[in-house]
């Protein structure tokens, strides 16, 4: 099925190369998922501001949209365009207002992710094609996760691509399938979690958001999935400050990790890791079933 990767940097000297390293991890997994590709990168933030990653039809004038938002908010809204996506930065207290403005002036625009540090991109196509379109190799940051999809339960569309984000600076990629996602979705909707697709992976992302809203830390929230989510799965999760991995109790989906003094990396297959720097000196291991792995920033 799908291919998923994650990279968490311990050494700040590697941060300018984050995107290039992640791209090199995604490319070898093309055969696992030739239909669509997505990734989330946790990079620099602007004090007092949040990023909104927008997706629009080909030819969207994101500059004009940013100008209209600027006029209505009364604060300069910078925009960085990347192919069919763009990232705009708005004051933290005006994120909801920016959402309302966008729904009014450009209802065709989708907000695929928000957060202080997270930028999220996804499109139909091979990893190499999508990475090149969004200039992934030029992105810097502390950690990132990625996904390449083989459609098994739905059509080949952007809406079926991972990562899924259901809260600021939170996102998730998934290899596997959940059997009880419809019943869990209904429960979460009743408690205020919103969804934009029928995808089972978005339910997993929403479930973690729900648990975090109710006071759990990510470690405990991931542990709770073992009881409440049925199916076969490997999750890789990104937050503003960290990176987590969890396999289901049976762990039938392949997974491998490497940890060095400079980074921690996850791949569905070892070939996703072989080109990382000094990988031969790292501790290579298979994550254990039903065990949460999590790393947080220290700088």
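Within the stretch 1-14, the only residue that satisfies the criterion of being surrounded by 23 or more Cβ atoms within 10 Å (Cβ to Cβ) and more than 19 Å from residue 284 (Cβ to Cβ) is 2.
Across the stretch 47-78, what is the total count of residues that are more than 20 Å from the chain's Cα centre (by Cα) and outside any helix (DSSP H, G or I)?
The number of residues fulfilling the criteria is 12.
Looking across 17, 23, 40, 66, one residue alone is in contact with a strand residue (DSSP E or B) (Cβ under 7 Å, 6 or more places away or on another chain), within 21 Å of residue 263 (Cα to Cα) and surrounded by 15 or more Cβ atoms within 10 Å (Cβ to Cβ). It is 40.
Of everything in the stretch 219-245, what is without any contact (Cβ under 8 Å) to a residue 12 or more places away in the chain and closer than 21 Å to residue 264 by Cβ? Give them in sequence order. Residue satisfying the conditions is 220 alone. Considered as a group, the residues in the stretch 208-218 that are in contact with a strand residue (DSSP E or B) (Cβ under 9 Å, 6 or more places away or on another chain) and surrounded by 15 or more Cβ atoms within 10 Å (Cβ to Cβ) include one that is farthest from residue 142 (Cα to Cα), and that residue is 210.
Here is a yes/no grid of residues against (1) farther than 30 Å from residue 20 by Cβ; (2) at pLDDT 95 or above; (3) not assigned by TED's automatic domain parsing to the domain that holds residue 26:
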position	(1), (2), (3)
132	no, yes, no
140	no, yes, no
149	no, no, no
155	yes, no, no
164	no, yes, no
172	no, yes, no
180	yes, yes, no
184	yes, yes, no
189	yes, yes, no
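For the stretch 77-100, the set of residues classified as surrounded by fewer than 18 Cβ atoms within 10 Å (Cβ to Cβ), touching a residue at least 12 places away in the same chain (Cβ under 8 Å) and more than 23 Å from residue 122 (Cα to Cα) consists of 91, 92, 97, listed by residue number. Scan the stretch 16-35 and give yes if some residue there is part of a loop (DSSP other than H, G, I, E, B) and closer than 30 Å to residue 101 by Cβ, otherwise no. No, there is no match, as no residue in the stretch 16-35 is part of a loop (DSSP other than H, G, I, E, B) and closer than 30 Å to residue 101 by Cβ.
The residues of the stretch 257-299 that are under 22 Å from the mean Cα position of the chain (by Cα) and part of a strand (DSSP E or B), listed by number, are 257, 258, 259, 263, 264, 265, 266, 267, 293, 294, 295, 296.
A residue that is farther than 23 Å from residue 120 by Cα, assigned by TED's automatic domain parsing to the domain that holds residue 144, modelled with pLDDT of 95 or more and more than 18 Å from the chain's Cα centre (by Cα) can be found somewhere in the stretch 229-243.
The values are calculated or read from the model by the stated rules, or taken from the named source; none is laboratory data. Worth saying up front: this structure is predicted, and the values here are computed from it rather than measured. In this analysis, Cβ positions are derived from the backbone assuming ideal geometry, glycine residues included, and neighbour counts consider all displayed protein chains.
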